[in-house]
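*Asks:* Mind having a look at this structure? Questions to follow.
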Amino acid sequence: AQSVTQLDSHVSVSEGTPVLLRCNYSSSYSPSLFWYVQHPNKGLQLLLKYTSAATLVKGINGFEAEFKKSETSFHLTKPSAHMSDAAEYFCVVSERTNAGKSTFGDGTTLTVKP
Amino acid sequence: GAVVSQHPSRVICKSGTSVKIECRSLDFQATTMFWYRQFPKQSLMLMATSNEGSKATYEQGVEKDKFLINHASLTLSTLTVTSAHPEDSSFYICSARAPDRAPFYNSPLHFGNGTRLTVT
């Protein structure tokens, strides 16, 4: 069985300050982990993924995440928030099976204040 | 990059009628597509896995006779909400994985833009 816990339902930062969105996972096997972003009334867009290569993963729009097996974490960070980063963010773990069923976290709403 | 197109983006229907939502992979073939439902301010709930040429696999608690899924080709899956009621009003999203050299589970999901269904 696998699960994902996003530790903060809401995060608010000021423009230009760092962003930290926290994600912990549980998986019976070495996981495949993803971060997606969703803007209002839109589908989800991939930010980055971890698939057992480098533990520090760089994604689009300046985001990156670090896989820490000892902490079972995959936190998403960005050095400097932009107003356009305001959105909903989902941490996702995929089963390592042919179906590759994905389990979604509950999401974190990021607010960016001017 | 891989593109998934979902249509319509919004639909309003009367209670008791049926609504069909289409999900197309535009530049790749998808043997498997996923259908989700999302309530306001909540995460995505997997409803079913759509398999090309065979029956869909429904998640526990999802009525297969209510939510009919057809995956007739490698680029098209449809979700039909039958005899819709106001409680079926929601945001429905589809996704698919584009095949690449990576194992299937390492490939990211590509999402449609969703369909906002309102049943009056």
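The values are calculated or read from the model by the stated rules, or taken from the named source; none is laboratory data. No experiment lies behind these values; they were computed from the predicted model shown. We place every Cβ from the backbone using ideal geometry, glycine too, and count neighbours over all the protein chains shown.
*Asks:* Select, from A:63, A:74, the only residue that is under 11 Å from the mean Cα position of the chain (by Cα) and either of a type in the set (Lys, Arg) or within 15 Å of residue A:110 (Cβ to Cβ) (or both).
*Replies:* Of the residues listed, the single one that is under 11 Å from the mean Cα position of the chain (by Cα) and either of a type in the set (Lys, Arg) or within 15 Å of residue A:110 (Cβ to Cβ) (or both) is A:63.
*Asks:* Same structure again: Output the number of the condition that residue A:81 fails; it satisfies all remaining conditions of (1) in a loop (DSSP other than H, G, I, E, B); (2) within 11 Å of chain B (Cβ to nearest Cβ); (3) not acidic (Asp, Glu).
*Replies:* Against the list (1) in a loop (DSSP other than H, G, I, E, B); (2) within 11 Å of chain B (Cβ to nearest Cβ); (3) not acidic (Asp, Glu), residue A:81 comes up short only on (2).
*Asks:* Mind checking whether some residue in the range B:19-33 is farther than 24 Å from residue B:104 by Cβ, in contact (Cβ under 8 Å) with a residue 60 or more places away in the chain and surrounded by fewer than 16 Cβ atoms within 10 Å (Cβ to Cβ)?
*Replies:* yes
*Asks:* Given the residues A:95, A:71, A:15, which is the only one that is closer than 24 Å to residue A:112 by Cβ, charged (D, E, K, R) and out of contact with any His (no Cβ under 6 Å at 6 or more places or on another chain)?
*Replies:* A:15
*Asks:* Could you list, in sequence order, all residues of the range A:27-62 that are among the small types (Gly, Ala, Ser), within 13 Å of chain B (Cβ to nearest Cβ) and not in a loop (DSSP other than H, G, I, E, B)?
*Replies:* A:27, A:32
*Asks:* Tell me yes or no: at least one residue of the range A:70-82 is over 18 Å from residue B:46 (Cα atoms), surrounded by 14 or more Cβ atoms within 10 Å (Cβ to Cβ), among the charged types (D, E, K, R) and modelled with pLDDT of 95 or more.
*Replies:* Yes - at least one qualifying residue is present in the range A:70-82.
*Asks:* Taking into account only those residues within the range B:5-18 that are over 11 Å from the mean Cα position of the chain (by Cα) and not polar (S, T, N, Q), which is surrounded by the fewest Cβ atoms within 10 Å (Cβ to Cβ)?
*Replies:* B:14
*Asks:* Just one of A:99, A:86, A:65 is out of contact with any helix residue (DSSP H, G or I) (no Cβ under 9 Å at 6 or more places or on another chain) and either modelled with pLDDT under 95 or away from chain B (no Cβ under 14 Å) (or both); which is it?
*Replies:* The unique qualifying residue is A:86.
*Asks:* Across the range B:91-120, what is the total count of residues that are more than 7 Å from every other protein chain (Cβ to nearest Cβ) and in contact with a His (Cβ under 8 Å, 6 or more places away or on another chain)?
*Replies:* 5
*Asks:* Also, quick follow-up: Among the numbered criteria (1) touching an Asp or Glu at 6+ places or on another chain (Cβ under 7 Å); (2) of a type in the set (D, E, K, R); (3) under 22 Å from residue B:103 (Cβ atoms), which one does residue A:22 miss?
*Replies:* The number of the failed condition is (3).
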